[in-house]
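Colleague: I'd like to ask some things about the structure below.
The values are calculated or read from the model by the stated rules, or taken from the named source; none is laboratory data. Just so it is clear, the structure is predicted and the values come from calculations on it, not from any experiment. Backbone-built Cβ (ideal geometry, glycine too); neighbour counts: all protein chains shown. Calculation scope for accessible area: heavy atoms of the full protein, side chains included, ligands and nucleic acids excluded. Shrake-Rupley method; radii C 1.70, N 1.55, O 1.52, S 1.80 Å.
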Amino acid sequence: MLAQWNDDLSVQQRTLDRDHENLLSIFNRLDDYLLENNDKKLILDVFGELVDAMSDHFWREEQIMRIVKYSGLPEHEAKHRYFERQLSILLYQFDIDQRKISVENLRVLGNLFLTHIVVDDRRMVQEVFSYSSIG
């Protein structure tokens, strides 16, 4: 398990916090399933769920940042693409049956995602929502 959602992870924006909580829950479920050596199809389904949820969340954030012309948009988008690429690599590793590597790398990616929330997303939310009516 990576972490349990708590107020320390909040960016103080309801929609994004719900997304983050959901993504963390999926990360944790995938971590559990990989450790328990569950059925490969089940694990692939959860990988797919994580990819979809992450893609939806990143799209939502990027739309907000574009609307208000967030100054850090290029860097923030680059970090989102990084997460998407790394998740694709994990999926590939799992698919060729390197579960141990997948578990270790999933945790590294999950921890980077948590850092992204509390550093990058908080910075973005402070700028974006300080002068807009989005929320």
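Colleague: If you check S71, S55, which single one turns out to be loosely packed, with under 15 Cβ neighbours inside 10 Å, at pLDDT 90 or above and not in a helix (DSSP H, G or I)?
Modeller: S71
Colleague: Could you please find all residues in region 10-21 being within 20 Å of M65 (Cβ to Cβ) and part of a helix (DSSP H, G or I)?
Modeller: R14, T15, L16, D17, R18, D19, H20
Colleague: Return the residues of region 37-52 that are open to solvent by less than 10 Å² (accessible area, probe 1.4 Å) and within 11 Å of the chain's Cα centre (by Cα); say none if nothing qualifies.
Modeller: Scanning region 37-52 gives a single hit, L50.
Colleague: If you go through region 93-124, how many residues are on the phi < 0 side of the Ramachandran plot and more than 18 Å from the chain's Cα centre (by Cα)?
Modeller: Total satisfying the criteria: 8.
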